[in-house]
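I have placed the structure first, in the form of structure tokens, so that the comments after it can refer back to it.
The values are calculated or read from the model by the stated rules, or taken from the named source; none is laboratory data. Since this is a predicted model, take the numbers as computed values, not measurements. Using ideal geometry, Cβ is built from the backbone for each residue, glycine included, and neighbour counts are taken over all protein chains shown. Surface accessibility is based on the protein's heavy atoms, side chains included, excluding ligands, DNA and RNA. Shrake-Rupley method; radii C 1.70, N 1.55, O 1.52, S 1.80 Å.
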Amino acid sequence: MRVLGIESSCDDTGVAIYDSGKGLLVHRLASQIDTHQKYGGVVPELAARDHIRSIVPLIDRVIRDPANNGQRPDAIAYTEGPGLAGALLVGASVGKSLAMAWGIPSIGIHHMEGHLLAPMLEADAPEPPFIALLVSGGHTMLVDVQEIGRYTVLGQTLDDAAGEAFDKTAKLLGLPYPGGPAIAGAALKGSAGRFRFPRPMTNRPGLDFSFSGLKTFALTTAQDNDLDQQTIADIAYAFEDAVTETLTIKCKRALVQTNHKQLVIAGGVGANSVLRGKIDTLVNTLDAKAYYPRIEFCTDNGAMIAYAGCRRLQDSFVDTRAETNAMAFSIRARWPLDSLSPP
Ligand code: KG4
Ligand code: ZN
């Protein structure tokens, strides 16, 4: 089965084709960083317009790519939610229209399920049950994955998502959008001993997170010091150290609590190499194993949506959410991950 995947929930248009026999055939991305950078964050209306401009040429290139050779897919998977409504509508309406025109089934995919399954695109893939730390610009959650489609959210952020905290802290330090890579880059020149940020919610039990206080801590630290290049680097270092250590502490708790031996790290912040270093050390001490998507599949992409669609439609069964020839479709700006069910 060959599935065309379309991702348009935020500021990246991603298109890919996954083949159940041959694996990932082709994937392409149109990034909108240039569009949003001057505003210091994603402008939803501009994101939707950029998706409209990019999506059809991108699908055309992917279909015509020599790896697919113009072949019509057997099904289409598009991101149904959660995300920006206007952005989601572009991918959903194009995906749905193409499926109708080609007479093939289509299925709406949960964006975070896409992130969660992204490590399965790699040769050394995890098998449920496992713990997933999903850390993106919009979400931060620890999930107990009993099987594909059966997810229990063990903890999540009470305020800012981890990526959001990176983006906001970068902005107040005068670093460019997106803030994650910018802070990570600045932190390379930072010194370890100068500032120490709190590790929020680690001194009480539980698996929830709170990152908005760190952003405020960064703001007051910036205000109390001359914001020269070295100070920016030192704040970036202390901030990154605090976020990654906090995430690692909660991952340890989740692994110990559930006794799972596999940990998946996914979502944009999962690209952070300091976080990966700390997680690798953690799993070594617990005799567990960590799985990461390749860097380009940590952030938003079409490959994870094509893969999730394929897993849900594969073999003899068809997911109850799959639609053929129905005109109606929906998008969901909000969509709790634990409301999903197995295919
Ligand atoms: O998963 P993603 O592409 O989009 C959402 O679904 O939100 O994640 C984007 C987030 C942004 O907040 C970005 O700053 C963060 O991931 N990010 C990083 C890194 N690369 C991207 N955060 C920390 N370190 C990185 N290397
Ligand atoms: Zn995402």
From DSSP H assignment alone, runs of 4+ in the chain each adding -39500 (n - 2.57), the sum over residues rounded to the nearest 500 puts [θ] at 222 nm at -13000 deg cm²/dmol
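So for the range 92-201, what percent of the C-alpha to C-alpha distances run longer than 17 Å? Mind dumping the intermediate values first?
Working: 4141 of 5995 pairs.
Percentage above 17 Å: 69.
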Based on Cα coordinates alone, diagonalise the gyration tensor for the range 127-292, multiply each eigenvalue by 5, take square roots, and list the semi-axes in whole Å, largest first. 29, 15, 14
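Whenever you get a sec, line up 90, 256 from highest to lowest accessible area (probe 1.4 Å, protein heavy atoms). Write out the running numbers ahead of the final one.
Working: 90 15, 256 95 Å².
My answer, sorted largest first, is 256, 90.
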Quick check: with the 1.4 Å probe, what order do 145, 153 take by accessible area, largest first? 153, 145
Taking R0 as 22 Å, what FRET efficiency do you get between residue 60 and residue 31 from their Cβ-Cβ distance, rounded to the nearest 0.05? 0.75
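Applying 1/(1 + (r/R0)^6) with R0 = 56 Å to the Cβ-Cβ distance of residue 284 and residue 46, what FRET efficiency is obtained, to the nearest 0.05? Walk me through the numbers before you get to the answer.
Details: r = 44 Å, r/R0 = 0.78.
Approximately 0.80, to the nearest 0.05.
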If I stretch the segment between residue 314 and residue 102 completely, what's the gain in nm (0.36 nm per residue apart, minus their alpha carbon distance), one decimal? 74.5 nm
Simple label model, 7 Å out from Cα along Cβ direction - residue 156 to residue 203, nm: 2.8 nm
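Report the charge-dipole magnitude of the range 171-291 in Debye, nearest 20, computed about the Cα centre from +1 at each Lys and Arg Cβ and -1 at each Asp and Glu Cβ. Let's see the in-between values first.
On the way: 14 positive and 10 negative charges, 93 e Å.
It comes to approximately 440 debye.
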On the formula 1/(1 + (r/R0)^6), with r taken between the Cβ atoms of residue 334 and residue 146 and R0 of 22 Å, the FRET efficiency rounded to 0.05 is 0.45
For residue 196 and residue 219, extending 7 Å from Cα along the Cα-Cβ vector and measuring point to point gives, in nm, a value of 2.5 nm
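Report the Rg/Rh value for the range 150-189, based on alpha-carbon coordinates and the Kirkwood definition of Rh.
That ratio equals 1.16.
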Taking a cut-off of 26 Å between Cα atoms, list the lysines near residue 189, but don't count ones fewer than 8 places away on the same chain. 38, 168, 171, 215, 278
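How do the peptides 305-314, 193-202 rank, highest first, by the average count of neighbouring beta carbon atoms within 10 Å per residue? Can you show the working numbers first?
On the way: 305-314: 27.4, 193-202: 16.1.
Top of the packing list down: 305-314, 193-202.
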Quick check on packing: order 288-300, 120-132 by the mean number of other C-beta atoms within 10 Å, highest mean leading. 288-300, 120-132
Rank these residues by their accessible area, most exposed first, probe 1.4 Å: 219, 46. 219, 46
Counting only the heavy atoms of the protein chains, how much of residue 260 is accessible to a 1.4 Å probe, in Å² to the nearest 10? 30 Å²
Å³ per residue of the Cα convex hull, for the chain? 128 Å³
For the range 1-116, treating each Cα as an identical point scatterer without solvent, what Debye log10 I(q)/I(0) comes out at q = 0.11, 0.12, 0.17, 0.20 1/Å? -0.33, -0.39, -0.77, -1.04
Given the whole protein assembly as supplied and a 1.4 Å probe, what does the accessible area of residue 281 come to in Å², nearest 10? 90 Å²
